[in-house]
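The values are calculated or read from the model by the stated rules, or taken from the named source; none is laboratory data. Given the structure is predicted, the values throughout are model-derived calculations rather than measurements. Here the Cβ positions follow ideal geometry from the backbone for every residue, glycine too, while neighbour counts run over all protein chains shown. These accessible areas exclude ligands, DNA and RNA; they are computed on the full protein's heavy atoms, side chains included. Shrake-Rupley method; radii C 1.70, N 1.55, O 1.52, S 1.80 Å.
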Amino acid sequence: MKLCHFLLILFISISTLGFAHDANIAFFKIQQKENTVEVQAEFPWSIRNAVVEAYPRLESSNNQEDFDAAFFEYVKSNFQLRQNNSVLTLISIEYDAQQGHSHQSNFVFVFEGNQFDSIKNTMMFNAYVNQENYHDILLDTEHVKFITSKDSSSFQMESPSQNSLGNTTTIGLLIAVVIVLGLFLFIRLKK
């Protein structure tokens, strides 16, 4: 009987190891909509600790509205989308109960505007020195992925003109190298 209990406890312990999220990792999926930018955020259970640490008055509050207001301010000051150094306005935060597991919290942040060129994300940095925030930006034809951490808390998007200029320059340099090598080989072979 003891062996049966031991095996049951062992099985439960091992089976739950793969399901718990790290307390210091969060995920963000960012998508441009028609007139807004939508951010689907997946936080570990420890997001509450980070908000309470930022707003200690919440420790004595049992009011959900107090926590919601503090969370809105926390997101507003720690997750910023910028366009030409102007911060996009955070319009709303919605709790997404249909997503995820019991040990995580999912939210949808909605920002006014549909274009941004940089992202600053310091969410939960006040709670964990080794916090990592994983981002997946859905653009028209591609996904841009990056991670923010204490060492690098923001990300600058490449504009299409910068990207195409870089590609044009690279192609031009490759053509020039091929021409120079071709001329060099041609001259060597003629000797």
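Quick notes on this structure:
- For the range 41-63, the criterion of being aliphatic (A, V, I, L, M), modelled with pLDDT of 90 or more, open to solvent by 50 Å² or more (accessible area, probe 1.4 Å) and under 30 Å from Glu158 (Cβ atoms) is met by no residue.
- Filtered residue count, the range 107-125, keeping only those that are modelled with pLDDT of 95 or more and among the polar types (S, T, N, Q): 2
- Against the list (1) under 16 Å from Met123 (Cβ atoms); (2) within 17 Å of the chain's Cα centre (by Cα), the condition Gln32 fails is (1).
- Qualifying residue in the range 49-68 (condition: among the charged types (D, E, K, R) and in a strand (DSSP E or B)): no
- Only one of Gln115, Gln131, Gln80 that is open to solvent by 60 Å² or more (accessible area, probe 1.4 Å) and not aliphatic (A, V, I, L, M): Gln115
- If the condition is being in a helix (DSSP H, G or I) and touching a strand residue (DSSP E or B) at 6+ places or on another chain (Cβ under 6 Å), then the range 76-90 contributes only Lys76.
- Among the criteria (1) assigned to a strand (DSSP E or B); (2) surrounded by fewer than 14 Cβ atoms within 10 Å (Cβ to Cβ), the one Ile93 does not fulfil is (2).
- Filtered residues of the range 99-112 (kept if exposed (fewer than 15 other Cβ atoms within 10 Å of the Cβ) and assigned to a strand (DSSP E or B)): Glu112
- Extreme residue, modelled with the lowest pLDDT, among residues of the range 138-161 that are surrounded by 12 or more Cβ atoms within 10 Å (Cβ to Cβ) and more than 22 Å from Asp22 (Cα to Cα): Glu158
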